[in-house]
Amino acid sequence: LDALPDREAARARLEEADRLDAEAARREGEAVVAAETALRTADLDEARALGLGGVPAFVIDRTYLVSGAQPPDTLLGALRRAREAPASTAA
């Protein structure tokens with residue numbers, strides 16, 4: 001009979017494991033939110049650096065910006081110019 005676990009001790013261990021799992025999940029969630037916030041901030045900073053001020057906007061090869069609702073020919077022309085331009089040397 002000594003080998004049988006004490007029910008209260010077993011329950012306490014299970015409750016502790018649940019609490020630790022909840023804390024780990026909370027910490028993981030906070031880490032994900034922090035990473036997403038950092039990425040969103042970096043994306044906004046990059047958009048501003050590229051001259052974006054609204055949507056829709058198309059950035060082609062980090063060189064050509066087509067801003068606002070444009071006719072298909074405008075976007076096609078930008079794509080052609082990007083294709084015909086020398087390869088970008090930006091890192």
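Computed on the chain, with alpha-carbon pairs under 8 angstrom and 6+ residues apart, the relative contact order is 14 percent.
Less than 14 Å Cβ to Cβ from Glu8, Lys/Arg counted +1 and Asp/Glu -1: what total charge do the surrounding residues give? Provide the component values of the computation, followed by the final result.
Details: positive: Arg7, Arg11, Arg13; negative: Asp6, Glu15, Glu16.
Overall, the nearby charge balance is 0.
Residues in the stretch 25-73 average 77 Å² of solvent-accessible surface per residue, probe 1.4 Å, ligands and nucleic acids excluded. Enter the angle in degrees (range 0 to 90, nearest 10) between the Cα long axis of helix 7-49 and the first principal axis of the Cα atoms of the chain, meaning the one along which they spread out most. In the chain, helix 7-49 runs at an angle near 10 degrees to the longest axis.
Working value for the chain: equivalent-ellipsoid semi-axes of 58, 14, 12 Å, each the square root of 5 times a Cα gyration tensor eigenvalue, largest first.
Given a Förster distance of 41 Å, report the FRET efficiency between Gln70 and Glu30 from their Cβ-Cβ distance, rounded to the nearest 0.05.
Numbers: r = 41 Å, r/R0 = 1.01.
My answer for the efficiency is 0.50.
Charges were assigned to the Cβ only: +1 to each Lys and Arg, -1 to each Asp and Glu. The resulting dipole of the stretch 5-49 about its Cα centre is roughly 60 debye.
Considering only Ala17, Ile60, Leu75, the residue lying farthest towards the positive end of the dipole of the chain is Leu75, judged by Cα position with unit charges set on Cβ.
The simple Förster model, with R0 at 41 Å and r as the Cβ-Cβ distance, assigns Glu23 and Leu52 a FRET efficiency of 0.55. Charged neighbours of Leu76, selected by a Cβ distance under 13 Å, balance to +1 (K, R count +1; D, E count -1).
The values are calculated or read from the model by the stated rules, or taken from the named source; none is laboratory data. Because the structure is predicted, anything quoted here is derived from the model rather than measured. Cβ sites come from the backbone with ideal geometry, for glycine too, and all protein chains shown count toward neighbours. Areas reflect the complete protein model, heavy atoms only, side chains present, ligands, DNA and RNA absent. Shrake-Rupley method; radii C 1.70, N 1.55, O 1.52, S 1.80 Å.
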